[in-house]
Each structure stands twice: as C-alpha cells, then as structure tokens.
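Undergrad: Once you've had a glance at the structure underneath, I'll fire off some questions.
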Amino acid sequence: MPSFPGGMEWTLASVFVPLTGALLCFLLPRRAPLLGRLTALLTVAAVLGLLLTVLAEGTQQTALGGWPAPLGILWRADGLSVALMAMTALVGLGVSVYAHAYFRDKHTEGAFFWPLWLMLWTALDALFLSRDLFNLYVTLELVGFAAASLTALDGSAAALRGAIRYLLISMLGSLSYLLGVALIYHACGSVDIVLVAERIGTAPDLVVAVALGTMTAGLVLKTALFPLHFWLPPAHGSAPAPVSAVLSALVVKASFYLLLRLWLEVFDGGGPWLAEFLGVLGAVAVVWGSVAALRQARLKLLMAYSTVAQIGYFFMAFPLAAVGGGAVWAGALYLVLAHGLAKAAMFLSVGSVLRFARHDRIDELDRIVHRLPLTLTAFALAGVSIMGLPPSGGFIGKWLMLEAAFRQGRYGFVAVILLGGVLAAAYVFRVVGHAFTPTARAQRAREVPAAMEWSALLLALAAILLGLLPPLVLPLLEIGQVAVVSGVAAPAGSG
Amino acid sequence: MTPLFDPQLPANALLPLLVLASSLVPGMIIFFLAEERVRLRTVLNLGGALMKLALVGFMLWGSYQGQRFEARLPLLEGLDLVLRVGALSLLFLALSAGLWFLTTIYAIGYLEGAPHRSRFFGFFSLCVTATVGVAMSGNLLTFVLFFELLTLTTYPLVVHRGTEAARQAGQVYLAHTVLAGSLLLAGTVWLYTLTGTLGFVPRGFVAEVAETHPGALRAIFALLIAGVGVKAALVPLHSWLPRAMVAPAPVSALLHAVAVVKAGAFGIVLIVYDVFGVEQAAELGVTGPLAAVAAVTIIYGSLRALFQDDLKRRLAFSTVSQVSYIVLGVAIVGPLASVGGIVHLVHQGLMKITLFFCAGNLAETLGIHKVSEMRGVGRRMPWTMAAFTIGALGMIGVPPLAGFITKWYLSLGALEAGVHWPLYVLMASSLLNAAYFLPILHAAWFAEPDPAPTHAAAADGHAAPSRAHAGWLLLLPPLTTAALSVLIGLFASLPFSPLEWSLLIAEREFEYPEARADVPLRPGAGSDD
Amino acid sequence: MSQPVFWALVGMALVTLGLYALIVHAHLLRKVLALNIISSGVFLVFIGLARRAPEAGAALPMEPDPVPQAMVLTGIVVAVAATGLALALIVRLRAVTGRTTLGDDTDD
Amino acid sequence: MDAMSLLDWALDGVLAFVVLWLAWRALATPTLFLAVVLFIAFGVVLALVWARLAAVDVALAEVAIGAGVTGALLLAALVRLEPTMARGQAPAAEASEVRHDD
C-alpha cells in the first residue's frame, strides 16, 4: 500500500488545486492576487510531491472516477510528464510572483488574469498527464482558449488581433488533430494511447498515414513551426509580459509535447520521410527566425522571433532521432525545458524594461545596465542558455543534438545548430550592448518592483543551473519510456 | 625532480574548487556592494587575490610532494566536468594569480573615483575565475565551458565605458569570440564522437583514431585551433584585439597578459600537447601550417605595430606578434622549442603587462595617448618609463631579460628540429621590435619635452595632490612586473623558475626513450633526476 | 463504397470546404463559420467511421458505438465555447478598431 | 434487401447533398445575415444526418447547441458587428475594409 499522500493524491492535486484556485479567483476577484499566489505555491508543492514520487517509485497511474478507459479518464505521470510539469511549475511560480507586482495598478486586467492563468495551468497539467487521445484534444483546446483569452488581456487593438488570430489557428490545429483521432479510433477502436499503440500495427496503413499527417500538421501549426509560425509573433509580442512569458515558455510546448508523445508512443517514430521534412523545416526555422529576430526594432518582437527559431531546434530532433534514438530526444527535451525557463525569464525581463522605460525599442535602452542591473542580468543569463553556451540547459541540449548530428555525418544540421547559436548571440548581445550606452536625451523612468526583477532573475538562474543537472534530469526523462525509438530504419538520403 | 602527482594518493578535490571560489565569491559579493563602499570592496578584491596566490602556492608545494588535485562533477554519460592541476596548469595558474593580484592593485588606483566600480570589479573577478578555470581544465569539455565563460565575463569589461565606440568594440569582440566558440564546440563534439573521450593527457588521446580518420582529425585540429586562435589573436583572426583598446587600461592589461589572449595561447598549447600530442600532430601534418600561421602573425603584427601612433594600439599589435612566439614554439616540433614556447606564456605576460601598466599611467597622469606625444616623458615620469624601458627591451630580446630566454630557446629548438626559417622569422621580428620600441625609448629619454607640457604638475608618485595615493598604486605594479622580468631572465635556471617548470613540462610531453637519454634536454647539463 | 466511408468522405468534403473558406475570407465572422463547418466535418468523420462494418446489411445495419458519440457531444460543446470566445473577441475588436478583419500586417 | 439498400443510399445521398450545399452556400453567400441563417439550417440538417447514423444524443445536441446556441451567438454578434448589414446589404461591403467610426 503506497503511503499517503502518494502518487495518486499528488497527481490529482496538481490539476485540481489550480482548478479550484481558478474558480475561487473568478468568484472573488478582489482576493485574486493573494489566492492566485497561494494556489501557485500549492500547485508547485503538488508537482514537487509528484516529481519525488515518480523519481522514487516510477510511473504513477490514476484512474478518475473509477471507470476504466475509454469512459473513465486515466492519468499517467511518467518522467516526461513530470519533467514538463516541473518546468511549468517553476515558470508558473515565477510568473505568479511577477504578475502580482505587474498587475498591482491594473486591477481590471489583474482580475481577469488570475482565473485565466490558473485555468491555463490546470489545462497544461491535465494535458501532460492525459494518456487518452480525446482527453488530450479537450485539454489542448482548453489550453488554447485560456491562452487566447490571456493574449487579449490588455484589450488593445494589437492584442485583440493577436488573440483572434491565435484562437483561430489554435482551433484549426486542434480540429486537424481531432480528425486524426477520429481516424485512429476507426482503425484501432480505442483512444487510449497504450491500446492504440498495441493495435496500430494491424491497422490499415493508409488510415494510419493520414492520421499521422493530420495530427502532425495540426500540432505543428499550434507549435508554430516555420512556415506556420506567422501567428506567433503578433500574439506573443502584444500580450502583457507575464502572458507572453507563459505563451512562449509553456503553451507552444504543450502541442510539441503532444506531438512527441504521439511519435514516440503511437506512431513508433513516425515516417522517415515526414521526419526528414520536419527536420528541414526546423533547420530553416532556426535560421529564418534568428535572422528575423535580429532585424526587429522592438524587444518583445525580437523575443517572439527567437521563440520561432528555438522551436526549429526541437523539430531538428525528429530526423536525428530516427537514427540516434533516445539521446536525441533527451537533447530536444533538454532544449524544451531550458527554453521554457530562459524564455520566461527573458519575457519577464522585457516586461520590467517596458515598465521602467515605457517602451521596448532596442536602440534606446539608455543605460539599463546601471539602472536595472538585475533585470539585465536575468536577460543576459537567460540569453546564455538561448545561445547554448555552457554551462546552461541550452548547452546540454545542443551538445546532445550536435553529437548525434556528427555521428550521423549530417554536417548540414551541425552547421545550422552552430549558426543558430551564433545568431542568437548576435541578437542577445545587440540588446545587451545597447543597454550600456546612453541615448541622446535622458528618459523618464518608472520604478520597477523588486518582485518583478527577482522572479525573472531566479528563472534565468534555473535555466543555467539546468545545465549542471543532466545526471538528475536525463534519468528522469527515461522513467516510464517503454521503448525509445529504435526500430526505425535510417532515412535514405542522410547527409 | 620528484615525480609529480603520485597516482597512489587520493586526489584533493577541495583545493581546485577553492581556487575558483577565491575570486568567484568576492566577485559575487562585490556586485551587490554600493558604489561608495570602497574599503570593503578593496578588502574583498585584495583578500581574494591574496587567497588565490596562497592557494596556488600551496598547490605548487603539494605537487612537489606528489599530491594530486582534482575535482569532478558528472555531467553527461562518460563526460565529467574535471578540474585538475597538472604541471602546465600550475604554470598558467601561477601566472594569472600573480598578475591578477598586481592588476587588481593597479585597477584600484586607476579607477579611483570612477563610476560603476562594483560592476567593474565584479566582472574583473569573474573573468579571473574563468581564467583559472581554463588553467585547471582536465578535459576539453571543461575547457570549452570556462573558455566561453571568459568571453562572457570580459564583454562587460570591454564595453565598460558605455560609449558608442566601446559598444562597437564590444560587438566586434563578440562577433569574433562567439564565432570562434562555435568552431571550438564543433571541433570538441566531433572529436568526442570519434574518440569517446575528451580528457587531457600528455601526448594526447587521438593516437587510436589517427590511422582510421586522419582527414577528420585534421579538420578537427583546424576547428579547435581556429576556435582558440581568435583569443590568441592569430592573424587573420586578430582584428578584435586592437579595437578592444577602448576599454580602461586595467582591462587591457587583463586582456593581453592575464586572461583572454593568454587563455587562447594556453588553449593552443593544450590542444597540441594534451589533445593531439605534438608528435602525433606532426605526423598528421598539421604543425607545419600552424607554424606558418604563427610566423605570419609574428611578422604581420610587428609590421602593423610599426605604423601605429596610438601607444595602446602599438602595444596591441605587439601582443599579436609576441603571443605567436608561443604558438611558434609549440608548432616547431621539438623539446627545446616547446620549452621556449611554454616559457613565453609567462615571459610575454610579465613584459606586456608592464607595458600596459605604463601606458595607462602615461594616459592617466599626463594625458598622453600617442607615441608622438612622448617626447621627454622620461624626465617627468622616470619610474614609469624605467619600467617601460625594461619591458620594451625584454620584448626586443635583449639579454638577460626574459624575452631573451624565450628567443634563445626558440632558436635552439629550431636548430634541434633541423629547420632554419624560424631563425629568420625571429631575427626579423626582433629587428621590427627594436624598430617600434627603440624610437619610443629614445624620444622618452633623450628628446626635449614639448614646449607646452599637457599637465605641468604631474610627475611620478606625487602627481596631483588628490591622486597621490593612486599614484603609488599605479606605480607599484609595473615596477614589480618589470623587476620580475629581469629576475626570471637572470635566474632562469634556478628551480621553480618558469624556465625550469617549462623544461619539466616539455620532458613529460616528449618522454625521451631510454635510447635517447644521452641527449640532454637542458643545455649544458646532464639529466639530474 | 460502404456507408461509413461515404459519410467520412462527406465529412472530409466539409473540412475541405471550410478550410478553403477559412483562408479566402477576410471577414472574421466568416472565418468562425468556416471553423464550425470544419468541426462538423470532423465530427462526421468520427461518427461515420466509428461504426462497425455493415456486412449484415439489415435495415438498421450497424449498432451505434456510444464512445464516439460521447466524444462528439463533448466536441460540440467545445466548439460552441470556442465560437462564443471568438465572437466575443471579434466584437471587442470591432468596438476598438471599427474593423472586422485582421488586416494584412502583423504589427500595429 | 437491394431495394432497402438502394433506398438507404438515396436517402444518404440526398442528405449529403443538402448538407454540402448548405455548407457551401453558408460560406459563399455574399450577405452575412443569410450566411448565418444558412449555417443554422446546415446545423438542423446535420442533426438529421446524426439521427440517420443512429446517434440520437448527438442529433439532439446538434439541434440545441450546434444550430441553436451557435446560431444565436452568431446572430447576436452580427448585430454588433455589422449593424447596417444585419439585413441584406450590398455584398461588396463585407470584403471591403471600410473603417467604421464609432
């Protein structure tokens, strides 16, 4: 008999605590900042409990309502789920602390922020735990709704446009995914991932191929892989800082996570041809996104395009993993985790700069380095991880992917991985450089609360620290992975 | 000598970490100090520097006792972060710890009353932390880590002044170093996929794959050398260095003598000796091109220096030239040349830092930035110019100064290796050195001062009354380093001298077989175990 | 062609129709309509295909499968929620900017 | 058997045709108001399809939610979006990006 509270309790708590918090914040808008932060703390505790349980005992399963699948909901927390939940929890805690200070003088926005944000957190945790293709659809839609509403939070024309475009795209992506679910249900008679994985071998190839195609297309659209990234910069660039942080750090990861699950556990590595295609798109995204980031005049858009570039790295793992297997996925996941922490820190820093200077034009940062040293430090440290310099989470991820690229003799990918790092350094240091120089006329500045500066800094430090923790994180990612992709033949035209 | 690093004894993991911490911890505290807390900041700075010196001294002594110093942190499967203290590390550690101490004193004096000193000294300390990390790297992964860290921590120092020129110099610096960093990373990962290990060992670890993948190894060598060569300012990767002269003088000293350029040169030494093994590298045919690059750099740097009127730029090009002596010594495959190259790590550091300290003093006290303004300064700042003269003569290679020892060993080494062209390079370079240093000395000592001195009241030691204190802080370091450049030249053959230490390193690298034991490594002395 | 495949193809046709309209129409209300039609198409594929093969060939050829029906029910609720949210945002946009389209440029 | 099957096919065919035609018209018709009305009709016919496919629950939900609630939402939004053209207007006004002042 497992001890109380055990895996089941922690699992339930990590979803129902933020859900309850969201409802309470909705009902008691004036108490929302306090309730919200309290909820964040409790959720972090729940996720931590789950993390420790999974580390100690392995995968945890929880059946909701006592029914078996497919009617009941089965939640399963393995290493991959828990790693992403932990990243979400860390970012969530930072964002919650930050948001309290950020929305202190914007009560209307604050009142909407808390319930929506906690709803988003709930949906993310539920998504990471679900092992049922249809429940995954529902949680994916919930993530999309909450994210779109958050994007629209400040009510400006730009924010509304970004939010509407994102919502439409998100719905389209989810429906495309759902079409795949319909086909899979037809072929396998189940939507439970484990059952589907068992039966998919005997299903008609055409149906499986179409399902793989529509599901991948939908999720790729939602993850904003080049050239389907067009909706991302306006949405991430126009939302309030804590929301941008959440969108870039967490929301795009949800659809990527789902795609990864499908490829690993349902489609057994997908098709080599499709993997190759995604990898090439990813490579283009790295270069194109980085160059676009370099050309931005505004800090938030720079960050948004940087996210487009970083997403490219995740997809370069698909063809590499077809040969390189688990180590490549580990590298890509490392990049996902590090990017989550680092990009959240960067967007939060940018929010502090915006608050301080009332603008985010890069050329006019006017000696931020003396005036907001902690914020600039957070930005630069997070930048180290984005560039993939050691020691940082980003470095470990890139190292693993580079290693695979070299082993497979794919020097084109090697070049892109390295070039992406150099371009990232160029855009990060373009900002840092301007932070040292004064502008022609002095600018009025507004005070930035310490909570905003410190939450960003701590997230950035976490991204760095992640680079020293592979001995802890890599084994965690392997917990519950039935079989890492291995059986897929090498793609024909490698190199 | 007693065998270093007895493998029987358990390794001491604490000391390498303490060496890192002795600058890291004060640095982190300094970041959070208010600007006006001068006293506490000074105590932290000097305390850290002294502590580091003491720790390095202790490790030197311990190494003679056969103690091993090694700290490990597991990172990836089969790849740890390793800090290990070997003979070569100790040489570089002692150099950087010693010069950091002097540079700190100098910087305290130089920056007295300047803004943003907490930030400056914070990064200053981090920069040295990265340098000692480079020195103690036990494998290529660790080396890459600290090497990149060095890039990141020196950037804020380069742009410290916050001017547009400084920002642009910073961008140029970064463009070079980041690009180089990615080449270094590429070479490192590629090498790892071939050999499955990255741990530094004397005579290298690539021998097993040398027969199967010679082409890949040559490419890796090129990548790695290009990666570290930017910091070592090899032509044509050198152009960041003269531009970085916009930084304050202590930063220049740090860049040229303690940290960045030195780390690059040290990296080349490591790659040739402890990654490839110099003989293996020679077999792969990569030392020849490297020697050629070094030769070109030596001549090109000297030629460019000749035409610079800005004193700091002239010194910067001189650095470009001088650092490649180290590379040349490494690339001429032979024990004596190696000795010359390795010992020049220390010699160039001492002499060049002297020159930069002096240039800073001239700029700070007299407002002199150009060579053409230096007429008669010898009379107004005799001590500074005396130190400058020693540094300059050492660079030219006048005996018995440190630079002479280097050139002597390099020449012997070339002869031993049976090649003659390095002699011509050395001779040409010495002539050029003389051509760009002697006019300065002549103008400073023998020319009449300009009729309207820029700052009449200024003179050594008792400049303006308010800066009297700073004056001594600025004077002491160059005098010390100048004296040291004389002493290590004079007493080069005493135990513990840089030369003796370099001989030890070269012995371990070449490991003479019994049959050749009759060939004495030390000229004029038999083997004296 | 069996009946399930027939309805699945009709569903696919609806999806295609909706996708085309989603791309070519600028007016946001029309885009919402298009998405609703896409989702109806997906549901049709879901329920159409989810039934067992009709080899018995009776008047009630197939027994209904309750699971996809429950899912489509949920899907309909999700769709209406999405529609409501999208319409609310579009009405806000109209109030703020006077426009009912997104415009071409990404920046403001 | 064959006759029944043929009848089935005829019924399916007619339903499918109507559904597709309504969807096409709802998306292509120039006036938005008409488009919404056609969409509601589409929902009702789709409910027949669900019934035909023995999905009675879904049919009821489609009528109530898919056609009913969604239709009501669309009409309510239409009134706020295009007050002038909520009832048959020049088709050009829809696509053009006339800036309304309010």
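The values are calculated or read from the model by the stated rules, or taken from the named source; none is laboratory data. In this text the structure is predicted, and so the values were computed from the model without any measurement. Quick reminder, even Gly has a Cβ in these numbers, built from the backbone with ideal geometry, and neighbours come from all protein chains shown. Accessible surface is based on the protein model in full, side chains and every heavy atom, while ligands, DNA and RNA are left aside. Shrake-Rupley method; radii C 1.70, N 1.55, O 1.52, S 1.80 Å.
Matching residues to (1) surrounded by fewer than 21 Cβ atoms within 10 Å (Cβ to Cβ); (2) aliphatic (A, V, I, L, M); (3) free of Cβ contacts under 8 Å to residues at least 12 places away in the same chain:
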position: D:8; (1), (2), (3): yes, no, yes
position: D:13; (1), (2), (3): yes, no, yes
position: D:17; (1), (2), (3): yes, no, yes
position: D:20; (1), (2), (3): yes, yes, yes
position: D:32; (1), (2), (3): no, yes, no
position: D:42; (1), (2), (3): no, no, no
position: D:51; (1), (2), (3): yes, yes, yes
position: D:60; (1), (2), (3): yes, yes, no
position: D:66; (1), (2), (3): no, no, no
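Undergrad: Shifting gears a bit: Counting just the residues of the range A:427-450 that are open to solvent by 40 Å² or more (accessible area, probe 1.4 Å) and in a helix (DSSP H, G or I), which one comes out farthest from the other protein chains (Cβ to nearest Cβ)?
TA: A:450
Undergrad: Now, a different point. Can you give me the number of residues within the range B:51-69 that are in a loop (DSSP other than H, G, I, E, B) and within 17 Å of residue B:137 (Cβ to Cβ)?
TA: The total comes to 1.
Undergrad: So, residue A:298, is that one surrounded by fewer than 21 Cβ atoms within 10 Å (Cβ to Cβ), of a type in the set (Lys, Arg) and modelled with pLDDT under 90 or not?
TA: no
Undergrad: Residues D:75, D:27: which one is open to solvent by less than 50 Å² (accessible area, probe 1.4 Å) and of a type outside the set (Gly, Ala, Ser)?
TA: Only one candidate qualifies: D:27.
Undergrad: Could you name every one of the helices (runs of 4 or more DSSP H) located completely within the range D:20-102 that has at least 1 residues being under 22 Å from residue C:84 (Cα atoms), more than 9 Å from chain C (Cβ to nearest Cβ) and modelled with pLDDT of 90 or more?
TA: D:32-52, D:56-61, D:70-81
Undergrad: Look through B:332, B:326 and report the one residue that is under 13 Å from the mean Cα position of the chain (by Cα) and in contact (Cβ under 8 Å) with a residue 24 or more places away in the chain.
TA: Result of the check over B:332, B:326: B:326.
Undergrad: Here are B:122, B:113, B:98: which of them is part of a loop (DSSP other than H, G, I, E, B) and either at pLDDT 90 or above or open to solvent by 20 Å² or more (accessible area, probe 1.4 Å) (or both)?
TA: B:113
Undergrad: Do we find a residue being part of a loop (DSSP other than H, G, I, E, B), in contact with a Leu (Cβ under 8 Å, 6 or more places away or on another chain) and either outside the structural domain of residue B:442 (by TED's automatic domain parsing) or surrounded by fewer than 24 Cβ atoms within 10 Å (Cβ to Cβ) (or both) anywhere in the range B:353-364?
TA: Checking the range B:353-364: not a single residue is part of a loop (DSSP other than H, G, I, E, B), in contact with a Leu (Cβ under 8 Å, 6 or more places away or on another chain) and either outside the structural domain of residue B:442 (by TED's automatic domain parsing) or surrounded by fewer than 24 Cβ atoms within 10 Å (Cβ to Cβ) (or both).
Undergrad: Would you confirm whether or not the range A:365-386 contains a residue that is open to solvent by 10 Å² or more (accessible area, probe 1.4 Å), among the polar types (S, T, N, Q) and at pLDDT below 95?
TA: Yes, the range A:365-386 contains a residue that is open to solvent by 10 Å² or more (accessible area, probe 1.4 Å), among the polar types (S, T, N, Q) and at pLDDT below 95.
Undergrad: Can you tell me which residues in the range A:152-193 are within 9 Å of another protein chain (Cβ to nearest Cβ) and among the β-branched types (Val, Ile, Thr)?
TA: A:164, A:181, A:191
Undergrad: So, of the residues in the range A:382-421 that are facing chain B (nearest Cβ under 8 Å) and free of Cβ contacts under 8 Å to residues at least 24 places away in the same chain, which turns out to be farthest from residue A:304 (Cα to Cα)?
TA: Ranking the qualifying residues of the range A:382-421, first place goes to A:406.
Undergrad: If I filter the range B:148-175 down to residues being part of a helix (DSSP H, G or I) and small (Gly, Ala, Ser), which single residue comes out as surrounded by the most Cβ atoms within 10 Å (Cβ to Cβ)?
TA: Ranking the qualifying residues of the range B:148-175, first place goes to B:170.
Undergrad: So residue A:225 fits all but one of (1) open to solvent by 10 Å² or more (accessible area, probe 1.4 Å); (2) assigned to a loop (DSSP other than H, G, I, E, B); what number is the exception?
TA: All conditions pass for residue A:225, except number (1).
Undergrad: Filter the range C:20-52 down to residues that are surrounded by fewer than 24 Cβ atoms within 10 Å (Cβ to Cβ) and over 21 Å from residue A:169 (Cα atoms) and give me whichever is nearest to the other protein chains (Cβ to nearest Cβ).
TA: Looking at residues that are surrounded by fewer than 24 Cβ atoms within 10 Å (Cβ to Cβ) and over 21 Å from residue A:169 (Cα atoms), I get C:49.
Undergrad: Among the residues of the range B:186-200, which ones are without any contact (Cβ under 8 Å) to a residue 60 or more places away in the chain and more than 7 Å from chain A (Cβ to nearest Cβ)?
TA: B:187, B:188, B:194, B:195 - these are the residues of the range B:186-200 that are without any contact (Cβ under 8 Å) to a residue 60 or more places away in the chain and more than 7 Å from chain A (Cβ to nearest Cβ).
Undergrad: While we're here: Quick one: which of A:309, A:327, A:338, A:317 is in contact (Cβ under 8 Å) with a residue 60 or more places away in the chain and open to solvent by 10 Å² or more (accessible area, probe 1.4 Å)?
TA: The match here is A:327.
Undergrad: Scanning for something over 18 Å from the mean Cα position of the chain (by Cα), on the phi < 0 side of the Ramachandran plot and part of a helix (DSSP H, G or I), does the range B:234-245 turn up at least one residue?
TA: yes
Undergrad: Also: What's the number of the condition residue B:415 fails, among (1) open to solvent by 40 Å² or more (accessible area, probe 1.4 Å); (2) under 27 Å from residue B:472 (Cβ atoms)?
TA: For residue B:415, the exception is condition (2).
Undergrad: Residue B:201 - would you say it is closer than 17 Å to residue B:78 by Cα, part of a helix (DSSP H, G or I) and in the same structural domain as residue B:265 (by TED's automatic domain parsing)?
TA: No: the conditions fail for residue B:201.
Undergrad: If you go through the range B:68-82 one residue at a time, do you hit one that is touching a residue at least 24 places away in the same chain (Cβ under 8 Å), away from chain A (no Cβ under 14 Å), out of contact with any strand residue (DSSP E or B) (no Cβ under 6 Å at 6 or more places or on another chain) and more than 30 Å from residue A:334 (Cα to Cα)?
TA: Yes, the range B:68-82 contains a residue that is touching a residue at least 24 places away in the same chain (Cβ under 8 Å), away from chain A (no Cβ under 14 Å), out of contact with any strand residue (DSSP E or B) (no Cβ under 6 Å at 6 or more places or on another chain) and more than 30 Å from residue A:334 (Cα to Cα).
Undergrad: Within the range B:278-291, take every residue that is touching a residue at least 24 places away in the same chain (Cβ under 8 Å) and open to solvent by 50 Å² or more (accessible area, probe 1.4 Å) and give me the one that is farthest from residue B:322 (Cα to Cα).
TA: So, considering only residues that are touching a residue at least 24 places away in the same chain (Cβ under 8 Å) and open to solvent by 50 Å² or more (accessible area, probe 1.4 Å), the one farthest from residue B:322 (Cα to Cα) is B:283.
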